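Take a look at the structure set out below.
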Amino acid sequence: MRFFVDTADIAAIRELHELGMVDGVTTNPSLILKSGRDIAEVTREICELVDGPVSAEVVAEAAEDMIREGRHLADIAPNIAVKVPLTWDGLKACKALTDEGHMVNVTLCFSAAQALLAAKAGATFISPFIGRLDDVNLDGLQLIADIRQIYDNYGYETNVLAASIRSVNHVSECAKIGADVITAPPAVIHAMASHPLTDKGLAQFTADWARTGQKIGG
Ligand code: G3P
């Protein structure tokens, strides 16, 4: 399973990248705002750090404007995936940018029907938002399973990129379902290493070791 990091925070990306945990990065207008950086500048810096796909999102609403913005973003680096929203105009932009040879990530997907349209428009990635569905008492993980089944039924090559991940459980469930990629905030990836029984076991080993009076390696 590929891990993308859902952030525009360079220090956080670098730390995870050094551990081999970063196969790509996703950003959106809210994350650019949070970074306090210029979109072109911070996106270029991320693309220099990470070899895999780096999603950068258009903000226009009309297809022709999205296509213009998408070309501009794609000029930043060869590993840019242009992110467009799952609207009718977004699908038009997806088709045009894909036909030009750009990677496209279709975002803000909340239904299997939307995901089917994105695949037909040639999307490289579809981003279903798990956490935001859970927020309104719908089942985000079930959507990932439904899209996986539909894409497998017909052999669509669009990658299922599970987004709006809020918990460690979201990550492991997505892996069981067979999502191609997850994009998670750095804090969720860090939290994956934690388990209370690991902490408890380590405390016990440390205490018992002290009682042996021994040292390893002098
Ligand atoms: O990149 C889009 C997505 O991952 C947003 O997550 O937590 O703001 O719903 P969230």
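Any read-out appearing in this document is the output of simple, stated calculations on the displayed coordinates, not a laboratory observation. Quick caveat: nothing in here was measured; it's all calculated off a predicted structure. Here Cβ is always computed from backbone atoms with ideal geometry, including for glycine, and neighbour counts include all displayed protein chains.
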Subset tally (residues that are within 25 Å of Leu86 (Cβ to Cβ), more than 15 Å from the ligand (Cβ to nearest atom) and surrounded by fewer than 19 Cβ atoms within 10 Å (Cβ to Cβ)) for the range 45-68: 7
Subset of the range 159-170, residues surrounded by fewer than 22 Cβ atoms within 10 Å (Cβ to Cβ) and farther than 16 Å from Ala115 by Cα, comes to Arg166, Ser167, Val168, Asn169
For the structure I just gave you, tell me whether Val42 is over 25 Å from Ala175 (Cα atoms), within 16 Å of the ligand (Cβ to nearest atom) and in contact with an Asp or Glu (Cβ under 6 Å, 6 or more places away or on another chain). no
Given Ser127, Ser111, Ser164, which one is touching a strand residue (DSSP E or B) at 6+ places or on another chain (Cβ under 9 Å), more than 15 Å from the ligand (Cβ to nearest atom) and in contact (Cβ under 8 Å) with a residue 24 or more places away in the chain? Ser111
Find the residue count for the range 130-158, including only residues that are surrounded by fewer than 21 Cβ atoms within 10 Å (Cβ to Cβ), within 11 Å of the ligand (Cβ to nearest atom) and small (Gly, Ala, Ser). 1
Restricting the search to the range 6-28, which residues are surrounded by fewer than 21 Cβ atoms within 10 Å (Cβ to Cβ) and among the small types (Gly, Ala, Ser)? Ala11, Ala12, Gly20
Inspect the range 38-53 for any residue being touching a residue at least 40 places away in the same chain (Cβ under 8 Å) and under 16 Å from Pro78 (Cβ atoms) and give the result as yes or no. yes
Do you know which of the residues in the range 171-185 that are touching a residue at least 40 places away in the same chain (Cβ under 8 Å) and either hydroxyl-bearing (Ser, Thr, Tyr) or surrounded by fewer than 19 Cβ atoms within 10 Å (Cβ to Cβ) (or both) is nearest to the ligand (Cβ to nearest atom)? Thr183
